[in-house]
Amino acid sequence: MRATQKEATGKAVLEAAREEFERVGFEAANLRTIAARAGVSAGTVIHHHGDKRELLHAALFDDLDETLRRALSGLGPGPLESQLSALTRAVFAYYQRRPKLSRTLLKESLFADAPWAGKFTAQAGMVHGALAKLATEAAARGELRPDVDGALFAVAYLSFFYFALISWVQGAHGTPVSLVEHLVLQHLEGLRPTKKPSRRKVR
């Protein structure tokens, strides 16, 4: 019973933190307001997360991790282009739900200190591994050439994704999902098996 209550309190604190960071930004947010949103004391928040930056990392990591795992597990069978489109749309839906928080997430996840730097790196590694597996499976189905390197393909996709994410966060591109999909499609065209010309029978 106590463990269940502790877990519920922890989730309430993290959700309150996400809401407050989105509402006023990281710098203006304070632990007392977050605690009040969650229905706990500021001391409880400090006990679980230490300071505001630690709370920020915990709130961002847990939320994004759940989003990524749910998106990856729900892709279903190929084709690869459809799988990647579904992944792009699912993850961008997360970012677009809280645009102000997304700016903070991008900044903090890229430049976090230990131990969070390692956690965010491992999270990116999980996505990279899943993408490499998708590419390898696509090659086995004949959608890509057999010599396509799945790991390099995953790097290419992540490059497209982060370019679109940064462009969107900076206000330079209003339709980031469409941008990623076009970049991926163009990249895939160069990796598909070459069709052999059909030979006409000579009569």
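The values are calculated or read from the model by the stated rules, or taken from the named source; none is laboratory data. Note that the structure is a prediction, hence the values are computed from the model and not measured. As a convention, Cβ positions derive from the backbone with ideal geometry for all residues, glycine included, and neighbour counts pool all protein chains shown. Just the protein is used for accessible areas: all its heavy atoms, side chains included, with ligands, DNA and RNA removed. Shrake-Rupley method; radii C 1.70, N 1.55, O 1.52, S 1.80 Å.
The residues of the chain expose on average 58 square angstrom of accessible surface per residue, using a 1.4 Å probe on protein heavy atoms. Helical content alone sets the calculated 222 nm signal of the chain at -24500 deg cm²/dmol, taking -39,500 (n - 2.57) per DSSP H segment of four or more residues and averaging over every residue. Close amide H contacts of Leu144 (hydrogens built in the peptide plane, cut-off under 5 Å, sequence separation of 5 or more or a different chain): Ala139.
Shown for the chain are no DSSP H helices, since none reaches 30 Å along its axis, judged by Cα atoms, with a mean Kyte-Doolittle hydropathy of at least 1.0. Sparse packing (at most 11 other Cβ atoms within 10 Å of the Cβ) combined with a DSSP loop state is found for none of the trypsin sites (Lys or Arg not before Pro) in region 88-128.
The distance from the alpha carbon centre of region 41-80 to that of region 94-158 is 16 Å, rounded to a whole number. Computed over the chain, relative contact order equals 16 percent, with contacts defined as Cα pairs under 8 Å that lie 6+ residues apart. Give the carbon-plus-sulfur fraction of the accessible surface of the chain in %, rounded to a whole number; probe 1.4 Å, heavy atoms of protein chains only. Carbon with sulfur: 56 percent of the solvent-accessible area.
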